[in-house]
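Student: Here it is, the structure, as structure tokens.
Nothing in this text is a laboratory measurement; each read-out follows from the coordinates by a stated rule. Here the structure is a predicted model, which means the values were calculated and not measured. Counting neighbours? That spans all protein chains shown, and the Cβs are built from the backbone with ideal geometry, glycine included.
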Amino acid sequence: MSMTTVNTKRYKEVMKKKENRMRTMMMMMTAASLVVGAEEQEKIPIMIQYPKQVRYLDPGDPKGVPNLELPREGKPRPPIMVPVGCDKLLSLNCKVTSSDPYPVRGELSFITDGNKEQCNKMYPDDTPRYWTAYPDEASVELASGTQWVQIDLGKEREIYGVCVWHFFGRFTVYHDVICQISNDPDFIDEVVTVFNNDHDNSSRQGVGKDKAYIETHEGCPIAVDGVKGRYVRFYSRGNIRNDKNHYIEIEVYGKGD
């Protein structure tokens, strides 16, 4: 056998091996893309149960509120899409603590009791030209200034969504709405901020880039990318009508047991 014949044979063998390797790599890449595509398709919306919509009888004026999102004009907020099995309500009846342990009105347990409905009873407040729906059985009112409420989920959880409802019976905007997650009950170590619309760091948790928003029955749904933690804390610093802080409900969603 000549040297030329041997070299030609080896060349063909080498090229065949390269072709096989390329074919294998292409198959692996195709399989990986199919897996990614399947994972993307296996997303489901968190089915948040919204309370009844309240019609404002005393339209407010948000002029002067920095970084305010545009009015949605009845357009629903987009759903929070999460992996299958990560849409479970984790916070129902969980323990709630606060920087104001003795609320001006209501009980801290109201914040996770599942009751989001505003009271249907209507009566005039201390300004006769206004009428308001007053949530006697659903809301918690905290002292003025920056205050926080904190939910203990009982153990570390993988969190994919949070929704907070402040008082929405009147047209209003709450200041410095901040949401943080941590395994540290004192929120000193390993704190993850998932929402912050404090534009000037007036609540001392850092400058936030999220938009301020007008309160509605939809609350403020926040997408969370699988952050792990046991405690969820919300801050606020009064609202455009007064310096008090109000909460109707907070819900935390994530991976079930």
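Student: What pairs in K88/K155; K63/K211; K52/K88; K63/K116; K43/K75 have C-alpha atoms more than 19 Å from each other?
Tutor: Distance filter (> 19 Å) returns K52/K88; K63/K116; K43/K75.
Student: Would you please give the residues with an amide H less than 5 Å from that of G161, counting only those at least 5 places away or on a separate chain, with H modeled from the backbone geometry?
Tutor: V224, Y253
Student: Let me ask you something else. Cβ under 14 Å from D186's Cβ, D186 left aside: what net charge do those residues give with Lys, Arg +1 and Asp, Glu -1?
Tutor: My count for the surroundings of D186 gives -2.
Student: Another question, then. If you scale each eigenvalue of the Cα gyration tensor by 5 and take the root, what three semi-axes come out for segment 43-254, rounded to whole angstrom and sorted largest first?
Tutor: 26, 19, 18
Student: Going by how many other Cβ atoms sit within 10 Å of their own, how do D176, D257, D113 line up, fewest first?
Tutor: D257, D113, D176
Student: To make sure I understand, if each residue's beta carbon is the centre and we count other beta carbons within 10 Å, what order do E218, E19 fall in, fewest to most?
Tutor: If I rank by nearby Cβ atoms, fewest first, I get E19, E218.
Student: Just order 232-238, 247-253, 65-71, 104-110 by mean Cβ neighbour count inside 10 Å, highest at the front, would you?
Tutor: The most tightly packed comes first, giving 247-253, 232-238, 104-110, 65-71.
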